[in-house]
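Below you'll find the structure, written out as structure tokens, and then a few comments.
Readers should treat all values here as calculations from the given coordinates under stated rules, not as data from a laboratory. Everything quoted here is computed from the prediction, not taken from an experiment. We place every Cβ from the backbone using ideal geometry, glycine too, and count neighbours over all the protein chains shown.
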Amino acid sequence: MEDNVKAARLAWGRALLWFIVAYVLVTVFASGMTVIYAMAMHTPPAAEGASMLTDPAFVATVPFHVLVMLIVWPLFARLYFIGRAARVGETLLLALVWLVGAVIVDYVGFVAIDHPWALSPYEFYVLYQPWISLIYLAIFASPWIARALIGKRRSFTPSRDARNP
């Protein structure tokens, strides 16, 4: 296994492409879910100048944001692995790259840039627990989930000899 990790090669362009698409998609889905919930349930918005973490629609939908992550990220990890062997080292590297990328983009997009949904570092990394940790865990686990599903699919596929006796 150690040689497998050392020999890991990441298809960087492919990894970054699927990271960007997945990140945009989960952001749109999670934000949209919160907005649609607010409209459908007629929840009051957070008080002017208050943290997004106090918004009733956000509080109600945030557990589902993790579910969105667990659906979307493994799908895009699977797309990354199409035509690839999904070796342990490459899976680990993809998981780490996507995790670090998400942490950096989240910091820039949700902490550093001021906008209505922006949070302070304390709010984002401390008060947003356990959700932000679960989201990061889902992102890190996604290549492993995809790899496991690829393995299961292969184990159920009859060999060539079994199909043509």
Along the dipole axis of the chain (charges at Cβ: +1 for Lys and Arg, -1 for Asp and Glu; origin at the Cα centre), the most positive-end residue among Gly83, Leu93, Val35 is Gly83
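Roughly how many debye, to the nearest 20, is the charge dipole of segment 2-154 about its Cα centre, given +1 on each Lys and Arg Cβ, -1 on each Asp and Glu Cβ, and no other charges? List each step's numbers first, then the result.
On the way: 10 positive and 8 negative charges, 223 e Å.
Rounded to the nearest 20 debye, it is 1080 debye.
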Degrees separating the helix 12-41 axis from the principal Cα axis of the chain, which is the longest one: 40
Let me know the shape class of segment 59-118, please: from the alpha-carbon gyration tensor, a ≥ b ≥ c as square roots of the eigenvalues, rounded when a/c is under 1.5, otherwise prolate if a/b is greater than b/c, or oblate. oblate
Everything considered on the Cα gyration tensor (a ≥ b ≥ c; rounded for a/c under 1.5, else prolate if a/b is larger than b/c, else oblate), the chain must be described as prolate
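So, by mean Cβ neighbours within 10 angstrom, what's the order for 130-136, 111-117 with the highest one leading? Could you put the intermediate results ahead of the total?
Values: 130-136: 16.3, 111-117: 10.1.
Sorting 130-136, 111-117 by mean packing, highest first, produces 130-136, 111-117.
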Can you run phi through the Karplus equation (6.51, -1.76, 1.60; θ = phi - 60°) for segment 137-149 and list ³J(HN,Hα) in whole Hz, with x for Gly and Pro? 5, 4, 5, 5, 6, 4, x, 5, 5, 4, 4, 5, 5
Rounded to the nearest 500, the 222 nm mean residue ellipticity computed for the chain from DSSP H runs (n ≥ 4, each -39500 (n - 2.57)) alone is -23000 deg cm²/dmol
Using θ = phi - 60° and the Karplus relation 6.51 cos²θ - 1.76 cosθ + 1.60, list the HN-Hα couplings for segment 50-65 in order, rounded to whole Hz, with x at every Gly or Pro. 7, 5, 4, 5, 9, 5, x, 5, 5, 4, 6, 9, 4, x, 6, 4
Set Lys and Arg Cβ to +1 and Asp and Glu Cβ to -1, take the dipole of the chain about its Cα centre, and tell me which of Pro45, Tyr107, Trp144 lies farthest positive. Trp144
